Each structure stands twice: as structure tokens, then as C-alpha cells.
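Taking it in order: structure first as C-alpha cells, then the write-up.
Every read-out reported here was derived from the displayed coordinates using simple, explicitly stated rules and does not represent laboratory data. This is a predicted model, so every value here is computed, not measured. Here the Cβ is made from the backbone with ideal geometry for all residues, glycine too, and neighbour counts use every protein chain on show.
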Amino acid sequence: MKKRILITERFAQDSLSFLQQTPGFEVLRSKIPGTIDPALLVTSHALLIRSQTLITDKLLEQAKNLQLIITSTSGFDHIDLAAAAKWGITVMHTPTAHIESAAQLTWGLVLACSSRIFEASKMVKAGLWDRNQLIGFELAGQNYGIIGLGRIGTRVAQMAQTFGMTVAAYDPYQDEEVFAQHKVARLSYEEILRTSDVISFHVPQTPETKYMLRRSQFEFIRRGTILVNTSRGMVIHEADLCEALEQGWIRSAGLDVFEKEPLPRTSKLLNYPQVLLTPHIGANTEEAFHKASQAAANKCVRFFGDGTTSETLPPKASWYGAPAPFAPLHDPSNG
């Protein structure tokens, strides 16, 4: 019997053709992205999804033949992993596909904040030309602090070193060899906050990381710091961030993720000219899309071919710890 593969969201055409041409597979598509027809779900052996598709215990209860879920994303807070384990379903993701895109966006935000590029563009478009209002600062010789020295964090570190910055990181789950390999100093979380001129977050959304940057940390964070978050919105307490901006505790912020997505029009973050906001686009490059689609297709073929798995969820000992309660908070249109 052919394995029925249900693809619920956008998927690269060449990767789709690869699956369709693989013997023993029948490939199905959801008519509405992010939704799953119950009639298709009952007979499907695998789901290939992105973050718009919410995987709940109730949904899995109906999936009598389901053996595999692959999300073509790095994040996975749209999947109830405890429920998947309960129903004996293997879950994998594609974290390496988005490394370059996420690191590139991180550094785009760093550069835009340090040189005040967005504010300068708005000024010129408004017909103004007052350069004295837009004094930035050079990154060379400054301290870059990374929270989470994983795949993306290490790539960001390489970029920071290219700019001549001194790089330190906080990651209690990485071995000393990782820090040494990437020539990154190991500091405590408090030391990173107290000494860094630029700080970026590269951690998942878990109970451990929820609001790991809040008022008690902002009070002693190094004054004039640039803050960048391209990981998950719940890492930073937004109301406390707004207070830090108003108090002048930080210089500026570049945010791609938020506590609620899409960002509500009532959010105070919209009021600060020194805050650069993007709509969760860390994985939104053509290259990342194609790499993630093909990685998912390859994993699917190997799983049903010889049982091979890779990058399974939940990850082993790391920031992720025990599976978090199912609480999808991010924009379902993003990876």
C-alpha cells in the first residue's frame, strides 16, 4: 500500500515533484493552507507542515494511520509534542535550513540599529535632512553578547567577529569545546547583560526562557545596549522593554518576534522611533524555503524507506528541557 503524504502548507515545487516521483508515495495537498481535511487526515501516514498548521491532541486522536510529522521550520511551538508521543508519532523538524536566514536578519537588525538606518530613511522620505539627529556608533571593538550558542548563535558569532567585535555567550547546555571552537568567551547571563554593547537572543520558547529578560534584568543591563530578538517573542517581557526604552536603559531594539503575533495595533512598541520591528521574517528567504522543503522531503523518504530519523523532537538535553505546554503564540504564517 502506498504511503499517503499530506502537505498542508506551501512547499517548494522541486521538492514536491521529488516526493511525487518517489515510488510508494501518494502526495496530497490541503485546499486551504494550514488546515487539514478530516477525511484526508484519517488516511494519511505523514504530515508535512509549517507553522500555520496547529497540531493538537484532538487532531491526532483522529489520525488513526499517522506515523510521522515533519515541520519545515526551526521552531515547533505549533506542535503538541506530548500528544504526539502519546500517540506514538515521530516528529522531526528542519533547524539547519534557516541558519543563514536567521543570522542574516539578526545582523540586519544590528546594523540598522547601530547606524540608525531606518530612522534615516524615514527622515529623507519625509523631506528632511538633519544628520545631526542621527548619530550612530561603530561596532568594531565593541562587545557582542549572545544568548544561546546553538546553530544560529554560532553563525551570528562568526559575523560579529568579522566586524571586529569581541564575542561572549551564555549557554549552560553547550560544552566548553563549542565555545573554544568558535572563539567565544563563556560568561554568565548576568555578565552578558552587564558588559555587552549588543545582545541578541537565539533560544527557543520554553518555560525556562519565558520572560528571561524582564524588569529585574533591565535595571542593571549595560546602558546604551542594542537589543535584538529573532528567536521567540515570549523571551522578552514587552511591557518591561517599553519601560526600559522610556528610562533610556537601552539605546535601541530590533525585534522580529513578539508576545502576540501579529503585533497588535495597540502595542506600545509601535510608538518608539528607536525600535525596529519586522513581521517574523527570520526564515523568509527563497533559499531557506527550498532547503527546508527538500530537507522535509528527504526525511520523509528515509523514514518510510529504512526507518531513519534525524533532528527529532523534542530535542535532547538543551534549553528545551521538558516539553512545554501547548501554547502557539506566533504568527502562523511564519517559520
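Annotations for the structure displayed:
- Between region 39-65 and region 80-102, the Cα center-to-center distance that results, in Å: 14 Å
- Gain upon complete extension [LYS58, ALA140; 0.36 nm per residue less C-alpha separation]: 24.3 nm
- Summed residue charge, Cβ within 10 Å of PRO95's Cβ, Lys/Arg positive, Asp/Glu negative: 0
- For ARG29, the residues 5 or more places off, or on other chains, whose built amide H falls under 5 Å of its own are ILE7.
- Listed values for region 103-112 are Karplus-derived 3J(HN,Hα) couplings in whole Hz (6.51 cos²θ - 1.76 cosθ + 1.60, θ = phi - 60°), namely 5, 4, 5, 3, 6, x, 5, 4, 5, 5, and x replaces Gly and Pro.
- Förster radius 41 Å - calculated FRET efficiency between LYS210 and LYS125, Cβ distance, rounded to 0.05: 0.60
- Computing FRET efficiency as 1/(1 + (r/R0)^6) for GLU286 and THR96, where r is the C-beta to C-beta distance and R0 is 25 Å, gives about 0.90.
- Relative contact order [Cα under 8 Å, 6+ residues apart], the chain, whole percent: 20 percent
- Its relative contact order, with pairs defined as Cα atoms under 8 Å and 6+ residues apart, puts region 99-277 at 21 percent.
- Between 0 and 90 degrees, the angle of helix 151-162 with respect to the longest Cα principal axis of the chain falls at about 30 degrees.
- Order by protection proxy (mean Cβ within 10 Å, highest first), peptides 255-262, 82-89: 255-262, 82-89
- Descending principal axes extents, region 99-277, alpha-carbon based, whole Å: 52, 34, 30
- Taking packing as the residue-averaged number of other Cβ atoms within 10 angstrom, the listed peptides 104-115, 243-254 run from highest to lowest as 104-115, 243-254.
- The protection proxy used here, the mean number of other Cβ atoms lying within 10 Å of each residue, ranks peptides 72-79, 55-62, 175-182 as follows, highest first: 72-79, 55-62, 175-182.
- Most positive-pole-ward Cα, PRO38, HIS290, SER114, against dipole of the chain from beta carbon charges: PRO38
- Cα-centre dipole for the chain with unit charges at Cβ (Lys and Arg positive, Asp and Glu negative), debye to 20: 540 debye
- The Kirkwood radius of the chain, taken over pairs of alpha-carbon atoms, gives through the Stokes-Einstein law at 20 °C and 1.002 mPa s a diffusion coefficient of 101 µm² s⁻¹.
- Net charge in the neighbourhood of THR106 (other residues with Cβ under 13 Å of its Cβ; Lys, Arg +1, Asp, Glu -1) is 0.
- Placed amide H near TYR211: partners under 5 Å, 5+ positions off or other chain: VAL235, ILE236
- GluC sites (Glu not before Pro) within region 76-157, DSSP loop, no more than 16 other Cβ atoms inside 10 Å: GLU138
- In this rough spin-label picture, where each label sits 7 Å from Cα along the Cβ direction, the THR162-GLU246 distance is 3.9 nm.
- Measuring against 25 Å, Cα to Cα, the residue pairs LYS260/LYS291; LYS183/LYS210; LYS64/LYS299; LYS183/LYS260; LYS31/LYS58 contain LYS260/LYS291; LYS183/LYS210; LYS183/LYS260 as the ones spanning a longer distance.
- For TYR272 and GLU190, the FRET efficiency from 1/(1 + (r/R0)^6), where r spans their Cβ atoms and R0 equals 35 Å, is about 0.85.
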